[in-house]
């Protein structure tokens, strides 16, 4: 599993920055990391790891759809300044502005998607997204297209964030940090389950969910000191890692080393990559996360599994990841109560009963 920043944590960080500045966001991130380490010590991670497979699959599909919707504006070159709340609102905003599509941006975006898909199909272990971005960059230079680019990225280490603690933080920081810790915990452990799902591992895996949670807690304390947002599991990069043959924790280290290498030696090349190309490869990974085999099995699923799967996937588009997972799991928690309904309500037909019988 590859970690990084995710949209699920943005509302908490943005609210902290708005009310207390970067220092306030750092405090919330650090306290959230401490909560995550406490969850690890209390061995609560194992319970999140018991989330039913339909909920895990629904989480993957919901995240995939959210990723695709989030990249449409960039792929189509739409200049939309305001960002709507949930992905469904963003999709409606995209449709309303579809007439302002830039053909050059659309061409680069779909060139990245097509080349990524082709190389992933022919050479499954090849870095398809990297090749797709490279093809779009080459096409942009050959046709002299002037679309928005990534720009120069800095390798310098940011300074330590200055902040002070106050008694009022008990009422302002701790509640927000606890909510952020819960969202991050669910995201990390469900993403880990998604990675296992796409690896096709049916046996119990060796990784300890509590250890994963504790590791992210330690990392986020270090990140918070420098003002970096909370890091969680990223389905897009994790799936790309799996598709390229990553099987051990070494792939995480190699991932980080290549990022340093690209930023250190290829800054000028990275700066020229069109944003539409990055949006295209991100949308492609989102398409892969949709798990089309699950949709094909949908008519054959039990009604309980189907309801949990759909509620989780759709809930992510309207609500958030943590709440959607909770709703999906609630169906299984309510199963014993639903089984008692025919006995407590005699006028309801029992499943399989002949309704024509007087």
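One table, with the values for the structure above:
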item	result
Protection proxy ranking, peptides 39-48, 167-176, average beta carbon neighbours within 10 Å, highest first	39-48, 167-176
Rg followed by Dmax, in Å, when segment 1-101 is reduced to its Cα trace	17.7, 54
Simple spin-label estimate for residue 43 and residue 146 in nanometres, 7 Å along Cα-Cβ	6.4 nm
Angle between the chain longest axis and helix 321-333 axis [Cα atoms, degrees, rounded to 10]	20 degrees
Degrees separating the helix 87-96 axis from the principal Cα axis of the chain, which is the longest one	60 degrees
Percent breakdown of C-alpha pair distances by 10 Å bin, ordered from the shortest bin, for segment 149-193	19, 23, 32, 24, 1
Cα-derived Rg to Rh of the chain, Kirkwood definition	1.01
Value at 222 nm in deg cm²/dmol, rounded to 500, when DSSP H runs of n ≥ 4 in the chain each add -39,500 (n - 2.57)	-22000 deg cm²/dmol
Approximate spin-label separation residue 167-residue 125, in nm, with each point projected 7 Å along Cα-to-Cβ	6.4 nm
Inverse of mean 1/r across different Cα pairs in segment 75-171, Kirkwood, Å	17.2 Å
Burial order of peptide ranges 279-287, 327-335 (average beta-carbon count within 10 Å, highest first)	279-287, 327-335
Cβ crowding within 10 Å averaged over residues, with 13-25, 103-115 ranked highest first	103-115, 13-25
Tilt relative to the chain, helix 209-225 - C-alpha long axis, 0 to 90 degrees, to 10	40 degrees
Interatomic Cα distance distribution for segment 261-302, bins of 10 angstrom, percent	23, 27, 23, 14, 11, 2
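Any read-out appearing in this document is the output of simple, stated calculations on the displayed coordinates, not a laboratory observation. Just so it is clear, the model here is predicted, and its values are computed rather than measured. Glycine also receives a Cβ, built like all others from the backbone with ideal geometry; neighbour counts cover every protein chain displayed.
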